[in-house]
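This report concerns only the one structure given below.
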Amino acid sequence: MRPHLQASWQTRSVLSWFVIASIPAAAVGAWNLGWQVLLAVHGGQVDTFGGWRAGLVALADPAAPEGEPLLAVLLGLSYLAPLALVTLSTSALWAWIFARARQRDMDPGWFMSGWLLLLLLPPAVTPLVAALAMSFGAIVGQHIFGGSGRYLVSPALLGVLFVHFSYPAFGQLALPFDSALSPDWPQVVASGIGQEAWLAHLLGTAPGGILGRKLGLGSQES
């Protein structure tokens with residue numbers, strides 16, 4: 001990822017614009033996640049819902065939780081914000097460690113790697129698993145090859161694969177609680193479901209990362 005432009009554009013600038021361009025998608029993902037949680041709780045798919053987020057859920061109208069877009073965004077951000085803090089801080093930590101060891105400046109791609117992993121992770125993952133995934137992706141996928149522009153595979157995608165193979169249970173959760181089980185993408189591929197399933201995953205309306213959740217969980221089969 002080395003833009004060869006005879007202008008003020010640098011690798012750091014291009015990576016920053018990538019993050020900025022993905023903010024609207026992250027906002028939609030936060031709203032969709034919060035909306036699905038509201039539908040699942042008030043629709044009876046979840047038996048118990050405790051913790052500090054229960055106060056946000058209680059603010060929604062049980063008869064029409066889909067009519068609370070701002071509340072859905074706040075609820076979705078309540079899941080995304082802790083994961084963002086973990087992935088970004090872990091990515092920055094490893095970039096700093098390798099920079100000190102090599103006596104170089106910090107790799108400019110640390111923020112983009114942590115941000116992209118955040119958007120690809122299933123929201124049900126715990127902060128510890130997110131930190132392990134980011135560490136694996138940063139070390140094995142990025143810094144041992146020399147950093148941005150030199151690695152062979154995306155650190156974020158490598159972190160997602162780490163979660164899928166090391167903690168497969170998280171990939172089976174359509175929503176961030178145990179009772180919201182739903183087939184994940186590898187299971188759909190293995191089962192040989194037809195074209196409609198492929199289209200659903202392509203459009204982001206089926207379970208996957210934060211950017212793709214199953215729409216209408218409250219009124220459909222999970």
Separation in nanometres of the label points that stand 7 Å from Cα toward Cβ, at ILE97 and ARG150
1.8
Gain on full stretching of the segment that runs from ALA54 to LEU70 - 0.36 nm per residue minus C-alpha separation
4.2 nm
Subtracting the Cα-Cα distance of ARG12 and MET106 from 0.36 nm times their residue separation yields 32.8 nm
Qualifying trypsin sites (Lys or Arg not before Pro) for region 57-149 [loop in DSSP, other Cβ within 10 Å: at most 12]:
ARG104
Can you give the accessible area per residue of region 96-148, in Å², using a 1.4 Å probe?
42
With r as the distance between the Cβ atoms of ASP61 and TYR167 and R0 = 41 Å, compute the FRET efficiency 1/(1 + (r/R0)^6) and round to 0.05.
0.70
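The values are calculated or read from the model by the stated rules, or taken from the named source; none is laboratory data. Please read these numbers as outputs of a predicted model, since none were measured by experiment. Reconstructed Cβ throughout: ideal geometry from the backbone, glycine too, with neighbour counts over all protein chains shown. Protein only, heavy atoms only, side chains kept; ligands, DNA and RNA dropped before computing areas. Shrake-Rupley method; radii C 1.70, N 1.55, O 1.52, S 1.80 Å.
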